[in-house]
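Only one structure is covered here, and it is reproduced in the block below.
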Amino acid sequence: IEGIVRDGGASSVDRAETEQEAIAAALAHPPAVILSDVKLADGTGPSAVWTIRSRIGPCPVIFITGTPEDCKPCDYAHAILDKPLQPHRIMSVFREIAPI
């Protein structure tokens, strides 16, 4: 995913495996766009994104997940993309919302 969004114009990408790592990374480097899975190694993407948005304000969100039914609450997301990864779909949605 990192390579896909870099090809789409992202100038920096922070990667996190857990909810706490995602929050810490976003607070250290506020994102212009958030891409997240629903299930993380520890915690959930929707919970991390909720915390991030509550602290830094709204920003566009794309969830990429094998379990879209578990994406709750995710009504604010620009897109919820199913796995397996489809690079052209990720790139298309990213380019729609990225402030590049």
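The values are calculated or read from the model by the stated rules, or taken from the named source; none is laboratory data. Remember, predicted model here, so these are calculated numbers, not experimental data. For neighbour counting, all protein chains shown are included, and Cβ atoms are generated from backbone atoms with ideal geometry for every residue, glycine included. Each accessible area value is taken on the protein alone, full model and side chains, heavy atoms only, with ligands, DNA and RNA left out. Shrake-Rupley method; radii C 1.70, N 1.55, O 1.52, S 1.80 Å.
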(request) Find the residue count for region 41-100, including only residues that are closer than 16 Å to GLU21 by Cα, of a type in the set (A, V, I, L, M, F, W, C) and assigned to a helix (DSSP H, G or I). (result) 5
(message) I want to confirm something. Restricting to region 17-36 and keeping residues that are assigned to a helix (DSSP H, G or I) and within 16 Å of CYS59 (Cβ to Cβ), which single residue is farthest from the chain's Cα centre (by Cα)?
(response) ALA28
(message) Out of everything in region 5-57 that is in contact with a strand residue (DSSP E or B) (Cβ under 9 Å, 6 or more places away or on another chain) and in contact (Cβ under 8 Å) with a residue 40 or more places away in the chain, what residue ends up being most open to solvent (accessible area, probe 1.4 Å)?
(response) LEU35
